[in-house]
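Every read-out reported here was derived from the displayed coordinates using simple, explicitly stated rules and does not represent laboratory data. Nothing here was measured: the structure is a model prediction, and the numbers come from that model. Positions of Cβ are backbone-derived with ideal geometry, glycine not excepted, and every protein chain shown enters the neighbour counts.
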Amino acid sequence: MKKDSAAKFIILCSMLYLVLGMTMGIVVALKLIWPTIGDFALLSYGKIRVLHTNLILFGWLLQSGIGITLFILPRLLNTTLLCEKTGVAMGVLYNVAVLGGSISILNGGMKNIEYGEIPAPYDYMIAVCWVLFGINIFGTILRRKVKQFYVSVWYITGAVIWTTFVYISGNMITQMPFMAGINQANLQWFYVHNVVGLIFTPIGVAMAYYLIPKSLNTPLYSHKLSLVGFWVISFVYVWTGAHHMIHGPISYWLQTVAIICSWGLIIPVAAVITNFVGTYRSAPKANRTNGPVPKLLFMGTMYYLLTCLQGPFQAIRAVNVVVSKTDWVVGHAHMAVFGAFSFFSMAGVYYIIPRLMGTELFSKKLGDLHFWLMTISSIPFFAVLWIGGIQQGLAWLNPEITFLEALEPLKHSHIARFASGSLILISVLLFLYNIVETLAGKGKPLAVKEGEL
């Protein structure tokens, strides 16, 4: 089987789920404005919203991260992937699981766990896929031809290990008979928060640590600083999930630990941001603006910074009592999953697909248009969710305002959310078109081959 067959197959599959998941997101936003549209069981809000999150999280983001990882890891280790056939087989099984789980969700068959709604047997199939992925990753590491690990390899290794216990905890242990009531809720928020922090964060940061120096043709600012960030996040992030249960019926000491660890995350975030921005500052100006890849990576870095500042801030008890369970949290989650890590993944797709085809990107101008349209429309998308969330929380705290009256100020927020989300979907379609044309061989031949930079 040809080199990079697994990476190419998995990345291309993920892009289909990106478009489908974004489309479902627009349907969700439209239903907040016009609840009776599509008023039948298959398109009920409860099903479409769950379908949207699972398509984006597992169909797009995790799958694209897997594909990009299978591309960058062999290059970092100066070797080949352990087994391309295993990678492709894993990709096929993974897509069967996500597709089957999505159909089950539409039919009303889902688990009662946020981000873990995909039911059996499809959740077990995803677990099997992760085992196959782990075998390929560790097998490739064992056959490496370089002694020292670059920081991306550390993050990839961490992601494989952390995802294993996070996924099992959220999708399987929560379903056991002894996990009921408060115990299940506590473990659920451990899972939900660590889906972002110990699955998407290490994969996303690993990609960025590879792509930023490569796309800028500039050495990383500091290798030592990168390892500080990795080891601190390894020990701190796992304790932060309980900050979603502040003022809830869990132990007060656990809430306090979550708050302290949430603020402790500033250390690895500062290490990552300093490294990324330092690398950008040392790069030639022409390289920083050369096509969509460096732009997406830089904007993703800024969104990563904002997301990670929001987390500790909303863990403060006085703030949490206002924003918890409101649209603020929805905006926070969207900025992490879409604003930071999807920007990184799209940069990875733009970087990898032309190299796999031996051509340049079909159109850098179209790529830049995609970037600017997506960036400009994402800013109001996040902002209206934060502002609306604060309005929502303050209204809930006012005993003189009924729940229905608290919804009234959100009308304009929901309209703006739908409008800006629609523009984001258009930008994603431009992204898809650019990649399809590149796959069709319409880009110019690469002047410099991969590995010569």
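So how do 187-199, 93-105 stack up, highest first, on mean other-Cβ count within 10 Å?
The peptides rank, most packed first, as 187-199, 93-105.
For region 13-34 and region 249-264, what is the separation of their C-alpha centers, rounded to whole Å?
Between the Cα centres of region 13-34 and region 249-264 lies a distance of 34 Å.
For region 2-10, in order, what is each residue's ³J(HN,Hα) by Karplus, 6.51 cos²θ - 1.76 cosθ + 1.60 with θ = phi - 60°, in whole Hz (x at glycine and Pro)?
5, 4, 6, 4, 5, 4, 5, 4, 5
Beta carbons within 10 angstrom, averaged per residue: use that to sort the peptides 238-250, 391-403, 315-327, highest first.
Descending mean neighbour count gives 238-250, 315-327, 391-403.
Just list whichever of K8/K145; K147/K224; K214/K364; K8/K214; K145/K444 have alpha carbons separated by over 21 Å in the model shown.
K8/K145; K145/K444
Enumerate the lysines that K31 could reach by cross-link, defined here as Cα to Cα under 22 Å, with residues fewer than 8 away along the same chain left out.
K47, K325, K411
Scan around T359 for amide H atoms under 5 Å from its own, H built in the peptide plane at 1.01 Å from N, and keep only partners 5 or more places away or cross-chain.
Answer set, sorted by chain and number: L446.
What order, most packed first, do the peptides 118-128, 170-180 have when packing is the mean number of other Cβ atoms within 10 Å of each residue?
118-128, 170-180
Counting pairs of alpha carbon atoms under 8 Å apart in space and at least six apart in sequence, what relative contact order in percent does the chain give?
Dividing the mean separation by the residue count of the chain yields 15 percent.
If you take the beta carbon distance between T256 and K444 as r and set R0 to 60 Å, what does 1/(1 + (r/R0)^6) give as a FRET efficiency, to the nearest 0.05?
0.55
For the chain, what does the helix formula give at 222 nm: sum of -39500 (n - 2.57) over DSSP H segments with n ≥ 4, over the residue count, nearest 500 deg cm²/dmol?
Helices in the chain give a 222 nm mean residue ellipticity of -23500 deg cm²/dmol.
Once you have all Cα-Cα distances for region 1-147, histogram them in 5 Å bins from zero and send the whole-percent values.
Going from the shortest bin to the longest, the percentages are 2, 10, 18, 19, 16, 12, 9, 6, 4, 2, 1, 0, 0.
Under 16 Å between alpha carbons, and skipping anything fewer than 8 positions from K3 in its own chain: which lysines qualify?
The reachable lysines, counting only those whose Cα sits under 16 Å from K3, are K85, K449.
Within region 2-66, which chymotrypsin sites (Phe, Trp or Tyr not before Pro) sit in a loop by DSSP and count at most 12 neighbouring Cβ atoms inside 10 Å?
F40
May I ask you to sort C261, C308 by Cβ crowding, counting other Cβ atoms within 10 Å and putting the fewest first?
Lowest count first: C261, C308.
How do T53, T289 line up, fewest other C-beta atoms within 10 Å first?
The fewest-first ordering by Cβ neighbours comes to T289, T53.
Per q in 0.32 Å⁻¹, report the Debye log10 I(q)/I(0) for region 28-68, using one uniform scatterer on each alpha carbon and no solvent.
Debye output, listed in q order: -1.00.
List the GluC sites (Glu not before Pro) within region 75-160 that fall in a DSSP loop (any state other than H, G, I, E or B) and whose Cβ has at most 16 other Cβ atoms within 10 Å.
In loop regions of region 75-160 (DSSP not H, G, I, E or B), the sparsely surrounded GluC sites (Glu not before Pro) are E114.
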